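For reference, the structure is listed below as structure tokens.
The values are calculated or read from the model by the stated rules, or taken from the named source; none is laboratory data. Quantities reported herein were computed from a predicted structural model and do not represent experimental measurements. With ideal geometry, Cβ positions are generated from the backbone for all residues, glycine too; neighbour counts draw on all protein chains shown. When the accessible area is computed, the model is the full protein with side chains, heavy atoms only, and any ligands, DNA or RNA have been set aside. Shrake-Rupley method; radii C 1.70, N 1.55, O 1.52, S 1.80 Å.
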Amino acid sequence: MPPSSVLTTNQEDTMSVPVKIVVVYHSGYGHTVKIAEAVARGAAAIKGTSVELVSAEQAPGRWELLDGADAIIMGAPTYMGSLSAPFKAFMDATSHLQYAEKRWEGKIAAGFTNGASRGGGKQNSLVQLMTFAAQHQMHWVNLGMNYGNNRSYTNEEILNRDSYTLGMAGRADMDKSGDIAPPPSDLRTAEFLGRRVAEVAQELSAGRAALGRPAKRGVSGGADNQDPEGRGVVATGRTQATTRLVNV
């Protein structure tokens, strides 16, 4: 699958709600892109869902696509206990418009990561993604799956084998290429996440339509712009200027 591609579903359901999902990812050695593709497949399996894959390097040139999405699923490998640098660069780039103008407020968000170890800081990477989504005032969707290989009768073929919940965490042995790692169990877990996000996005879209509450961009600036009573806000421009001089 190319770095940026569109998937649509042919699954027959009785009802569907059209939603747009973008999967933004960085892959350093060809492992994480396989998870991103699996997430996209899972989301596209839900009728009415359009999914597009975009690499973190491409994303700054495709803001319009991301701004128009109903859900953004984000993922990157875990290096040295945190997200990879190219993906962090994408996150930082959103501060200029997407964060400042709250363009992603009210959207669905979810995340995934990959590493060579069962732990290795992958939980920290998922927390980073969740915090990033919260800064954009998005709605975070967790993996929604029980713990995996933790019974005497289970094995590495089970879903969520390394038992994460905030998002999907895959594991690819560092001495295996992206052609054979991560294993099928991780890819099936990634597909599960994609389907879950698509379903939640449809539920949110349908609920808004039923309630007559269309999605709207958030309020830019500080919290003072969201306080109708104006408490904690200096009353007059003159007083504000005086306060600034005193603070200086």
With 0.36 nm assigned to each residue of separation and the Cα-Cα distance removed, Ala210 to Thr131 gains 25.5 nm
Hey, what do the phi angles of the range 124-129 turn into as Karplus ³J(HN,Hα) couplings, whole Hz, using 6.51/-1.76/1.60 and θ = phi - 60°, x for Gly and Pro?
4, 5, 5, 5, 4, 5
Springs between alpha-carbon pairs under 10 angstrom, Gaussian network model over the chain: which of Gly230, Gly207, Gly61 fluctuates most?
Gly230
Accessible area per residue in Å² at 1.4 Å probe, computed on the chain:
51 Å²
Computing the accessible area with a 1.4 Å probe over protein heavy atoms, can you report the carbon and sulfur percentage for the chain?
52 percent
The chain: most fluctuating residue of Thr49, Thr32, Thr131 per GNM, C-alpha cutoff 10 Å
Thr131
GluC sites (Glu not before Pro), restricted to the range 12-64: which are DSSP loop and have at most 10 other Cβ atoms within 10 Å?
Glu12
When the chain is treated as a GNM, springs tying every alpha-carbon pair under 10 Å, which of Leu129, Leu211, Leu166 comes out with the largest mean-square fluctuation?
Leu211
Which number gives the lysine pairs in the range 1-146 that have C-alpha atoms under 23 Å apart and are eight or more places apart or on different chains?
11
Here are several values of mean projected area of the Cα convex hull in nm²: [x] 20.4; [y] 17.3; [z] 23.5. Which one was derived from the coordinates shown?
[y]
Using a simple charge model, +1 on the beta-carbon of Lys and Arg, -1 on the beta-carbon of Asp and Glu, nothing else, what dipole does the chain show about its Cα centre, in debye to the nearest 20?
500 debye
Of all DSSP beta bridges in the chain, antiparallel share, percent nearest 5
15 percent
